[in-house]
Amino acid sequence: MRLVIQRVIEARVTVEGETVGQIGAGFCVLAGAQEGDTIEDVRFLAEKISGLRVFEDSEDKMNLSIQDVGGEILLVSQFTLLGDARKGRRPSFSNAARPEAAQPLLEEMKHMLQARGLRVETGRFRAHMHVSLVNDGPVTILLDSKKVF
């Protein structure tokens, strides 16, 4: 599973003009499930997200987690994170998990984050979404459960 985590002041996702998820300060997490991902990949990343220390403390050092600051999460499915554009000009998405495998994994991630006391909003799976956000910092972190980077 691959994630792009952006620290935000606010974020929202709309589908056909309707806001389906909206948060204040916290993380906008774009998540792509990969073929072969398991609940262990989800558990590893949920732990990383909830403990990632990228919020400033009283000395302006990135030393606090989203749990420490009471932040919120907007979790958005994005299979294109698994796009492989190393050859040619059209990315291959063959490494992305099929929707019937990806959707339960993303639902489980939402539940694991909520179990850690975080408020989690989501986009709409398999919908054409518009995501808007105000990146704070900017702080953007890439995570991959296979530890590719």
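Where does the charge balance sit around Leu64 when Lys and Arg score +1, Asp and Glu -1, over other residues with C-beta under 12 Å from its C-beta?
-2
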> Using a Gaussian network for the chain with springs between C-alpha atoms less than 10 Å apart, which of these wobbles most: Ala85, Ala97, Ala31?
Replying inline: Ala85
> For the chain, what is the percent of antiparallel DSSP beta bridges, rounded to the nearest 5?
Replying inline: 75
>> Compute a Gaussian network model of the chain, connecting alpha carbons closer than 10 Å, and tell me which residue from Lys61, Lys110, Lys87 fluctuates the most.
In response: Lys87
> Which of Ile23, Ile66, Ile39 moves most in a GNM of the chain, Cα contacts under 10 Å?
Replying inline: Ile39
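Under unit Cβ charges (Lys, Arg +1; Asp, Glu -1), what dipole magnitude, rounded to 20 debye, does segment 29-95 have relative to its Cα centre?
Roughly 600 debye, rounded to the nearest 20.
Stretch Glu108-Val15 to full length: gain in nm at 0.36 nm per residue minus the Cα-Cα span?
Working: separation 93, 0.36 × 93 = 33.48 nm, distance 2.21 nm.
Going from the current span to full extension adds 31.3 nm.
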> Once the Cα atoms of helix 39-51 and of the chain are each reduced to a long axis, what angle between those two axes, in degrees from 0 to 90 to the nearest 10, is obtained?
Replying inline: 30
>> Could you give the length gained by full extension between Glu35 and Arg119, i.e. 0.36 nm per residue of separation minus their alpha carbon distance, to one decimal place?
In response: 27.5 nm
>> To the nearest 20 Debye, how big is the dipole of segment 56-120 about its Cα centre, given +1 on the beta carbon of each Lys and Arg and -1 on that of each Asp and Glu?
In response: 660
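How large is the charge dipole for the chain, taken about the Cα centre, if only the Cβ atoms of Lys, Arg (+1) and Asp, Glu (-1) carry charge, to the nearest 20 debye? If you can, show how the numbers build up before the last one.
Working: 19 positive and 21 negative charges, 132 e Å.
About 640 debye.
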> If you find the alpha carbon centre of segment 33-76 and of segment 101-146, how far apart are they in angstrom?
Replying inline: 10
>> Give me the 1.4 Å probe accessible area per residue for segment 3-149, excluding ligands and nucleic acids, in Å².
In response: 57
> Which net charge results when you count Lys and Arg as +1 and Asp and Glu as -1 among the other residues whose beta-carbon is under 15 Å from that of Asp84?
Replying inline: +4
> What is the spin-label model distance, in nm, from Thr80 to Lys147 if the labels are put 7 Å beyond Cα along the C-beta direction?
Replying inline: 3.1
>> Just to be sure I understand: if I project the alpha-carbon convex hull of the chain onto a plane and average over all orientations, what area do I get in nm²?
In response: 9.1
>> Probe radius 1.4 Å, ligands and nucleic acids ignored: give me the carbon and sulfur share of the accessible area of segment 5-78 as a rounded percent.
In response: 42
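The values are calculated or read from the model by the stated rules, or taken from the named source; none is laboratory data. All figures in this text were calculated on a predicted structure; none of them were measured in a lab. Note that we place each Cβ from the backbone using ideal geometry, even for glycine, and neighbour counts take in every protein chain shown. The accessibility values were calculated without ligands, DNA or RNA, using every heavy atom of the protein model including side chains. Shrake-Rupley method; radii C 1.70, N 1.55, O 1.52, S 1.80 Å.
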